[in-house]
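Asker: Here you go, one structure.
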């Protein structure tokens, strides 16, 4: 196959010390560009500029942009795989989860100090063409299976395959999401962050004696023009599956069996699509939060009901929320304002958690970190429709929302 031949060709250059040093520098620069701009926005010229080379010089090490992107993803997966190997040496599940978080934050600290290249963000793997996606998808699958093996631990023999898979998904997404909020903290805070992340991830949010009994709520967002919303509903799963730059206006129009002209009647430009999809996502989350807060009872009930309702929506294409990975495609100004809006949603969760701690329905945890982790769990649920196709809106609350909120150590 062309992808295997190209990658093999890239790896067949003479492995002199000078060659390897320069190749590593190109790879590190490429990871930075890929993380900031996504695959579609990454160019060999941008990578070359970061290391003081010409574009032609970069092609000596990586003949195509696709080959370089594949190497970036594989490099990151190999680094993460090494962390999992070390975590797997711990005898019990709690030790394995704690060790993996510690190793990952240690890695991020070394990256922050400039001792290692940045960790690759994996959300744009889906933007690769099928020709090049294969090796990366297989490497990710192998990593996922290895992490799933961490849950084959003493005391958890009765956890079925779906239970291990959903917990693996939750664990991975919490770790990957952390790159969005870790920059707000100093390196010296990382050990404290590790302890607080582990506490929330392992033991959940519920206060002592609180049962898992979320209430079904009706989410009634203010979505405006139904015809415009139909375009956004169609665009959201496409962007989640292929990345924003991997989807065209023609793709979105074809999904609705309408013309491109009809599309532009409702939206002025393609960039407007992702902004509008985020607006729609934030409005749905806001409506769920408000509906849950209107329930009688305590904040644990409100929080678990809001999260369960949002997760349940995401096993249907009509209810999908836009994955935050689409942020990579936005121009810097739009990205900043969109992140600010996402933070407002998380801030409301933080307020609910703080109120719950005060009344005793939520455990004494870090409300800011917990709110980010709640948002991450909701965001990650958009992928369940792809790999856990047999789940229903009702069953996903038990199989996914429950461990996400009550803790991965709770059976």
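Since every read-out is calculated from the coordinates, none of them should be taken as a lab result. Predicted model, so just to flag it, every value in this text is computed and none were measured. Using ideal geometry, Cβ is built from the backbone for each residue, glycine included, and neighbour counts are taken over all protein chains shown.
Asker: Order these by the 10 Å Cβ neighbour count, fewest first: 148, 167. Kindly include the intermediate steps, with their values, before the conclusion.
Answerer: Numbers: 148 19, 167 26.
Ordered from fewest to most neighbouring Cβ atoms within 10 Å, 148, 167 come out as 148, 167.
Asker: How big is the Kirkwood radius of the stretch 274-349, worked out from every pair of different alpha carbons and given in Å to one decimal?
Answerer: Working: mean 1/r = 0.0756 Å⁻¹.
Result for the stretch 274-349, one decimal place: 13.2 Å.
Asker: Something else about it: Quickly work out the residue 250-to-residue 145 label distance, labels modelled 7 Å from Cα along the C-beta direction, and quote it in nm with one decimal.
Answerer: My value for the distance between the label points is 3.7 nm.
Asker: Same structure again: Ratio of alpha-carbon Rg to the 2.2 N^0.38 Å globular estimate for the chain, to two decimals, please.
Answerer: On the way: Rg = 21.8 Å, N = 411, 2.2 N^0.38 = 21.7 Å.
Working it through for the chain, the quotient is 1.00.
Asker: Determine, for 258, 58, the number of other Cβ atoms within 10 Å of each Cβ, and report the residues in order from fewest to most.
Answerer: 258, 58
Asker: P(r) for the stretch 226-406: what percent of alpha-carbon pairs falls in each 10 Å bin, starting at zero?
Answerer: All Cα pairs, binned at 10 Å, distribute as 9, 36, 33, 17, 4, 0 percent.
Asker: If one puts a single equal scatterer on every Cα of the stretch 2-158 and applies the Debye formula without solvent, what log₁₀ I(q)/I(0) results at q = 0.10, 0.21 Å⁻¹?
Answerer: -0.41, -1.35
Asker: In nm, to one decimal, how far is the modelled label at residue 242 from the one at residue 106, with both set 7 Å along Cα→Cβ?
Answerer: 4.3 nm
Asker: Rounded to the nearest 500, what is the 222 nm mean residue ellipticity of the chain from helices alone, with -39500 (n - 2.57) per DSSP H run of 4+ residues and division by all residues?
Answerer: So the calculated ellipticity at 222 nm is -21500 deg cm²/dmol.
Asker: In addition: Report the gain in length on full extension from residue 20 to residue 79: 0.36 nm times residue separation, minus Cα-Cα distance, nm rounded to one decimal.
Answerer: Between residue 20 and residue 79, full extension yields 19.5 nm more.
Asker: Assuming 0.36 nm per residue, please report the length gained on full extension of the stretch residue 89 to residue 336 beyond their Cα-Cα distance. It would help to have the intermediate numbers written out before the result.
Answerer: Values: separation 247, 0.36 × 247 = 88.92 nm, distance 4.06 nm.
Value of the extension gain: 84.9 nm.
Asker: Neighbour counts of other C-beta atoms within 10 Å: give me 343, 160 arranged from fewest to most.
Answerer: Numbers: 343 15, 160 8.
Least crowded to most crowded, the residues run 160, 343.
Asker: How high is the FRET efficiency between residue 203 and residue 36 when r is their beta carbon distance and R₀ equals 30 Å, given to the nearest 0.05?
Answerer: On the way: r = 35 Å, r/R0 = 1.17.
Plugging the Cβ-Cβ distance into 1/(1 + (r/R0)^6) gives 0.30.
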